[in-house]
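Just below is one structure, and these are the notes that go with it.
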Amino acid sequence: MSEADAVWPQRLRRLVREGLAYWGHGELVESAELLLTELSTNALRYSSGPDISVCVCLKDGLCVIEVSNSSSGRPEVCHAGPADEGGRGLFLVDALAAAWGVSPDGTTTWCTLPLPEGPPDVERAAVTAPVLREIPMGLPADSSAATSARIQGRSLLTVLGWPGDQQRAVDVLHVLVDNAVQHALTPGVGVQRFGARLSVTEAHELLIDVTDPNPTFPAFDKAVTGELRRGIWGIVRQGATLTWFARADFAGKTVRAVLRPGQVGL
């Protein structure tokens, strides 16, 4: 597997994470990321051609992951010894997946995860194009966070080179962080998972993600429609698409604002 190939499993993990969050099944992210990593790494390592293809979908109560390449050799589970550095890929797939198998021609390896019964229990994250650049923000988990976000945001948006209204973006970031401080952080508690991330997509969207330790967002619908007359409504009025999703990796959530710059020359 070449150095260029080696970056693809990480990119695929990000895509499946975003997809499952949008579909409302963030609880599957950890297992799906691991399964997709193992199948894609195996395909990249043993493919006899230049390309592989990946499909992740929800079908008949299952999350289905398929990875195809041009190799007709049938993958088999290896039982690696304690000192072996490799050979555990399909063994992990066999242990984690509800079922897995190989197509009759040997070119596609698939596996499934069962979807939890009942409706998804998280809000849908805004659908976006693939992310090109992203910068995490370290914020204090106290009342100074909103001011810190405003100061950092001005500089980081310049670094990201987002071709939109950067002052508007800073205002949106400030409101999201201030809202999280007021409604999601617990005063006096020590370490709390809190921070923000700015990302620019291939479609020139700006993603503003604010993560906090509260896994719920009470009255979200009322907040975005203006019934509560709070700062969140101001974000929507400025043209931002606002969503939130629970986190699978810890007990918390991410609130996302998506800003589009309008028509941009490519």
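Annotations
- Among residues of region 183-199 that are modelled with pLDDT of 90 or more, none has a Cβ under 6 angstrom from a residue that is polar (S, T, N, Q) and outside any strand (DSSP E or B) at a sequence gap of 6+ or on a separate chain.
- Top-ranked residue of region 209-234 - restricted to ones that are part of a loop (DSSP other than H, G, I, E, B) and without any contact (Cβ under 8 Å) to a residue 12 or more places away in the chain, ranked as surrounded by the fewest Cβ atoms within 10 Å (Cβ to Cβ): Pro218
- The condition (being at pLDDT below 90 and in contact with a Lys or Arg (Cβ under 7 Å, 6 or more places away or on another chain)) is satisfied by just one residue among Arg230, Arg247, Arg260: Arg247.
- Test: residue in region 183-201 that is under 17 Å from Ile232 (Cα atoms), crowded, with 20+ Cβ neighbours inside 10 Å and touching a helix residue (DSSP H, G or I) at 6+ places or on another chain (Cβ under 7 Å): yes
- Residue in region 152-167 that is surrounded by 15 or more Cβ atoms within 10 Å (Cβ to Cβ) and β-branched (Val, Ile, Thr) present: no
- Pick from region 32-82, criterion assigned to a loop (DSSP other than H, G, I, E, B) and at pLDDT 80 or above, ranking: farthest from the chain's Cα centre (by Cα): Asn69
- Flag if Thr186 is among the hydroxyl-bearing types (Ser, Thr, Tyr) and under 17 Å from the mean Cα position of the chain (by Cα): no
- Tabulated pairs, region 140-155, first in the same structural domain as Ala169 (by TED's automatic domain parsing), second of a type in the set (Asp, Glu) and surrounded by 15 or more Cβ atoms within 10 Å (Cβ to Cβ), C-beta under 7 angstrom, 6+ apart or interchain: Ala146/Asp178
The values are calculated or read from the model by the stated rules, or taken from the named source; none is laboratory data. Because the structure is predicted, anything quoted here is derived from the model rather than measured. Cβ atoms come from the backbone with ideal geometry, glycine included; neighbour counts cover every protein chain shown.
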